[in-house]
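Q: My questions will all concern the structure given below.
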Amino acid sequence: MSETGHNHPHEEPRDKRSPWASRIRAIEELLEERGVLSREEVEAQVEYMEARTYQNGARLVARAWVDPGFKERLLSDTKAAAAELGVDASGTIEFATVENTDEVHNVIVCTLCSCYPRAILGRPPDWYKSFAYRSRVVAEPREVLREFGLELPENRRIAVHDSSADLRYLVLPQRPEGTEGMSEDELAALVTRDSLIGTDVPHAAREANRV
Amino acid sequence: MIRPAAGARFAPGDPVQVRDIEKEGHVRTPDYTKGKPGWIAEVLGAFPNPEGLAYGGDGLPDMPLYKVGFRQADLWEGYGGPPEDALFIDIYEHWLEPGEHGGEEKRP
Amino acid sequence: MKKVHDMGGRREEFGPIDRSDHQVEDWERVADAVNIVLNAKGHKTTDEMRRAIESLDGYREMGYYERWAAAAELLVVEKGLLTKEEIDARAAELEQRWRGE
């Protein structure tokens, strides 16, 4: 089996590797041999996912913070707004953006599996897919957010969104205080992956290595 | 609304209740919502039914899908947060029945 | 009765959330990609994948991408694209090849 750079490189050492590694590779090879799919298609899909990161979401948020018209478009048609910024999220999956305000803080989950706006944000964090998050955030969201280091004011209500169907959700966090005069790029750098899910909020002062 | 939903049974603001039934096989209505009272937050449109799609069917006819809101206090006994805390979930029409009016004033 | 994958509200069962991120392995990228490509080409749907994952006996014990790989196998066999025996044979061959590296 020839390996071509990043997209089909080596496997983990045998003693650490899941038995499913060889099974899915076997399936891949056999399907390619049968002409059901091609190596190029698989590699293109790997590249598609690698190209998608939460920074796409950070750019959508930063633009929405500086441009009220864009914010309206993000809230009313997230897929089209993403396309405006060069993020191709076309497909049958629909997207919706929920806005954090002084009155409401939003947090996203998929209790039944791991639905997530992958076509915009890439892969979800491991914790998002965990049984513990899926089970607890719907029933005790304030406790879960506290675990993430986020304490909300008592008078701010929480809205949990369980992505059970054909919509995938992104959170539009509030723009932090003290960010007047920041460029769009500087604003985007304040937006963390977790603030797009609702387990974090952006802060005006960020440590450089914070995810 | 994301997609047109001609013939949608419910409209935004309608009180609804999730049907408390057992159903074998693949469903997208979680147990924690069954039998609980909520309201229609949004009509999302009509989508193919996942219960049909999951077994190789075409999931047609399209089924209206709703964003349904619940007070957390109605979902969880002893819920520890403020009464305004809410949960929203996307539920297909065949899982919903009309709820009782008079719950609106409690809605966050 | 609650189905195994229906996780909402089982808070008595689960404790603190592990917030670490593991390094994605290449076979996991492949599991992801093969599934999406099969969907895109109309061989299966997301709903069938979910149904397949939910039916796995080892749901609780398996890792996330292990469930994806197992569900992909279930569906390609169900749809007559491949047989379990040929997957067994090729997987064994790959394991042997990898041992030799």
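Q: Can you give the mean number of other chain Cβ atoms that lie within 10 Å of the Cβ atoms in peptide C:87-97?
A: Mean shielding count: 5.
Q: Mind pulling the angle between the C-alpha long axis of helix A:54-66 and the longest principal axis of chain A? Nearest 10 degrees, somewhere in 0 to 90.
A: Taking the Cα atoms of chain A, the angle to A:54-66 is about 30 degrees.
Q: Across the Cα atoms of the protein assembly as shown, what radius of gyration and what greatest pairwise Cα-Cα distance (Dmax) are found, in Å?
A: Just the Cα atoms of the protein assembly as shown yield Rg and Dmax of 21.9, 72 Å.
Q: Treating the angle as unsigned and between 0 and 90°, give the value, to the nearest 10°, between the Cα long axis of helix A:19-33 and the longest Cα principal axis of chain A.
A: 70 degrees
Q: Still on this structure: Take each of the peptides A:86-93, A:154-161, average the number of other beta-carbon atoms within 10 Å over its residues, and list them starting from the highest. Mind showing how you got there, number by number?
A: Working: A:86-93: 13.9, A:154-161: 18.4.
Output ranking for A:86-93, A:154-161: A:154-161, A:86-93.
Q: Helix C:26-40 versus the longest principal axis of chain C: what angle, 0 to 90°, nearest 10, using Cα atoms?
A: 90 degrees
Q: Continuing with this model, one more query. Quick one: which of B:36-46, C:75-85, B:62-72 comes out on top by average Cβ neighbours within 10 Å, and what's the full order, highest first? Mind showing how you got there, number by number?
A: Working: B:36-46: 20.5, C:75-85: 14.4, B:62-72: 23.3.
Peptide ranking by packing, descending: B:62-72, B:36-46, C:75-85.
Q: Compute all pairwise cysteine Cβ distances in the protein assembly as shown, then list the cysteines with no distance under 4.7 Å to another cysteine.
A: Here A:CYS113 come out as lacking a disulfide-compatible partner, given the Cβ-Cβ threshold of under 4.7 Å.
Q: Using a Cα-Cα cut-off of under 18 Å, which lysines could be cross-linked to A:LYS71, ignoring same-chain neighbours fewer than 8 residues away?
A: A:LYS79
Q: How long is the gain from A:ALA189 to A:ASP88 if the chain were fully straight, where each residue apart is worth 0.36 nm and the alpha carbon distance is subtracted?
A: Fully extending the segment from A:ALA189 to A:ASP88 adds 34.2 nm.
Q: Next up: Roughly what % of DSSP beta bridges within the protein assembly as shown run antiparallel, to the nearest 5?
A: Looking only at bridges with both residues in the protein assembly as shown, the antiparallel portion is about 55 percent.
Q: Here's something else I'd like to know. Defining a contact as two alpha carbons under 8 Å apart and six or more residues distant in sequence, what relative contact order in percent does chain A show?
A: 23 percent
Q: In whole angstrom, note down how far apart the Cα centers of the range C:48-101 and the range A:30-85 are.
A: 28 Å
Q: Would you mind checking the pairs A:LYS129/C:LYS44; C:LYS41/C:LYS84; B:LYS36/C:LYS44 and listing those with alpha carbons more than 26 angstrom apart? Can you show the working numbers first?
A: On the way: A:LYS129/C:LYS44 22 Å; C:LYS41/C:LYS84 22 Å; B:LYS36/C:LYS44 33 Å.
Flagged as over cut-off: B:LYS36/C:LYS44.
Q: Related question: Which of A:SER164, A:SER183, C:SER55 comes first, and how do the rest follow, when ranked by fewest Cβ neighbours within 10 Å?
A: A:SER183, C:SER55, A:SER164
Q: Give me the distance in nm between label points sitting 7 Å out from Cα along the Cα-to-Cβ direction at B:ILE21 and B:ASP62, one decimal.
A: A separation of 2.4 nm, rounded to one decimal place.
Q: Quantify how strongly other chains surround peptide A:142-151 by giving the mean number of their Cβ atoms within 10 Å of each of its Cβ atoms. Walk me through the numbers on the way to the answer.
A: Working: counts 6, 3, 3, 0, 0, 3, 2, 1, 0, 0.
For this peptide, the per-residue mean of nearby foreign Cβ atoms is 2.
Readers should treat all values here as calculations from the given coordinates under stated rules, not as data from a laboratory. Worth saying up front: this structure is predicted, and the values here are computed from it rather than measured. Backbone-built Cβ (ideal geometry, glycine too); neighbour counts: all protein chains shown.
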